[in-house]
Amino acid sequence: MQFRSTKSEGSSKTPVSFKEAVLRCLPPEGGLYVPASVLDMRQFFLYMDEHTTYPELVATVAPVLLQGELNPFSASRVAESAFDFEPELKQLDERFSILTLYNGPTGVFKDFGVAFLASVVEELTKIGSRIMVLSAARGDTGVGIAQAFYKRRNSIAALLYPSGPIRGLKPETFVPNGGNCIPIQVRGTYDDCQRLVIESINDRPFAERYSLTTANGLNPGRLLPQAFYYLYGFIKLKKVLQGDLFFSVPCGNFGNLISGLYAWKFGMPVKGFVAAMNANDACGEFFRGKEFKARRLISTLSPALDVSVPSNYDRLSSFYEESPAVMRNMVFPSAIDDRTTLDTIARVWKRYGVLLDPHSAVAFAGAERCADQQDMSCGGAHFVVLATGHPGKEAGLVSKAAGAEVPIPEKLAKLQTPGEPLAFIDPQLDALEAAIASSF
Ligand SMILES: *Cc1c(COP(=O)(O)O)cnc(C)c1O
């Protein structure tokens, strides 16, 4: 599978390998990397069923997708070393299932993409080479990246935190303590950190000096492995499915949804995707075929979905440019307000005994709404709701909404431990270089 830029349609640019896309992250011609062509994988799904484990699925699918770059033996090693956690499919009734994606180290689905990326970067880079993985960090994403890259033989993980508290990092992972992580605090906002990552990668002499890449969602190496858990959901259900299959996805930057669309392109028989948003639903118009217009950000109870311009917008619009009619019939936008989010947490707890975090509740409510709309011909359909965040991460809110006690696993409690960065810098390239040079 090769990758091209969202900006290179119709141009003479030759596509690049997966390795190059992952290590370079941003195409020279601008835009973001997307698959240039995809394989139909249906014959492989045929031979997997509810007994297939997650590492088995990854080790089967990845070498086919990445033919010539990752052999089955390497793919097995990547899968085994990336995943000591798994997705879990729970069928609730004939209409709904939940695909739990929060069993990883930081309790969010992003752990799947980051873990695979760290593992595959180690596999694809030569012994003795060195890679600097520079990433903007917010909430627990920094911890996720630090843990995934810890002890990976070729990588240094430089994390750019915005002003404010830093939590959950383990000092033994820091470079001066023999680890490979450099937490840096940038005097500025998360956007400043992101801008600095992009500026660093686009400054080619700088990027090549440090073999720079990123573990942020810009990296196509995070999106590809997210397609694997959709396939996993499908193979767990395929024997019992009677009608059409839908996935309902809580959408912020739309990386998760895009991975679902990849899974469809690989041949997963899916009827559609519910793009569940909160009050920040500017993309709804876009999905209905209108022009995208950014709106002012509204703060909600599902903050990971509070995004005004999705960072994956270029990838989304490239799907729509390729096949506008298909996309209009495949992606169903749904906007869920905070009241409905809370009601859904309560309803799902009462009806099924399942606790949802607010992001997953947005997806659940979106699925219910679609299931109830007969004119969308969802009758007899089955909805797999992606549970993207551990309810224990929002224990106060979830416990109040559900009227139940919410267990907090110890590993999630530890994410609250306060920490200190190794350096403070202004959001500028020379300051960044000063902070990382001695560790490289
Ligand atoms: C990041 C995140 C989302 C949104 O995912 P995108 O890929 O940005 O659309 C949803 N739920 C949780 C819990 C998240 O952390």
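The values are calculated or read from the model by the stated rules, or taken from the named source; none is laboratory data. Please read these numbers as outputs of a predicted model, since none were measured by experiment. All Cβ positions, glycine included, derive from the backbone under ideal geometry; neighbour counts span all protein chains shown. Accessible surface areas use protein heavy atoms only, side chains included; no ligands, DNA or RNA. Shrake-Rupley method; radii C 1.70, N 1.55, O 1.52, S 1.80 Å.
Assorted remarks:
- Meets criteria (within 16 Å of the ligand (Cβ to nearest atom), surrounded by 22 or more Cβ atoms within 10 Å (Cβ to Cβ) and of a type outside the set (S, T, N, Q)) for Ile182: no
- The residue of segment 402-421 that is farthest from the ligand (Cβ to nearest atom), among those that are in contact (Cβ under 8 Å) with a residue 60 or more places away in the chain and open to solvent by less than 40 Å² (accessible area, probe 1.4 Å), is Pro421.
- Helices (runs of 4 or more DSSP H) enclosed by segment 272-387 - at least 1 residues per element that are at pLDDT below 95 and surrounded by 14 or more Cβ atoms within 10 Å (Cβ to Cβ): 283-287, 313-322, 324-328, 358-372
- Leu397 passes every criterion in (1) in contact with a strand residue (DSSP E or B) (Cβ under 9 Å, 6 or more places away or on another chain); (2) of a type in the set (A, V, I, L, M, F, W, C); (3) at pLDDT 95 or above apart from (1).
- Qualifying residue in segment 40-49 (condition: open to solvent by 10 Å² or more (accessible area, probe 1.4 Å), touching a residue at least 12 places away in the same chain (Cβ under 8 Å), touching a Ser or Thr at 6+ places or on another chain (Cβ under 7 Å) and basic (Lys, Arg)): no
- Segment 266-275, subset within 13 Å of the ligand (Cβ to nearest atom) and touching a Leu at 6+ places or on another chain (Cβ under 8 Å), residue nearest to Tyr54 (Cα to Cα): Phe273
- Within segment 315-328, one or more residues are within 14 Å of the ligand (Cβ to nearest atom), over 23 Å from Leu92 (Cβ atoms) and either assigned by TED's automatic domain parsing to the domain that holds Arg138 or aliphatic (A, V, I, L, M) (or both).
- Test: residue in segment 113-128 that is within 16 Å of the ligand (Cβ to nearest atom) and within 22 Å of Pro427 (Cβ to Cβ): no
- When Leu70, Leu57, Leu32, Leu92 are checked against the criterion of being open to solvent by less than 70 Å² (accessible area, probe 1.4 Å) and touching a Ser or Thr at 6+ places or on another chain (Cβ under 9 Å), Leu32 stands alone in meeting it.
- Restricting attention to segment 216-265 and to residues that are within 14 Å of the ligand (Cβ to nearest atom) and hydroxyl-bearing (Ser, Thr, Tyr), the residue that is modelled with the lowest pLDDT turns out to be Tyr262.
- Inclusion of Phe85 among residues that are within 16 Å of the ligand (Cβ to nearest atom), more than 17 Å from Thr214 (Cβ to Cβ) and either open to solvent by 10 Å² or more (accessible area, probe 1.4 Å) or not charged (D, E, K, R) (or both) is warranted.
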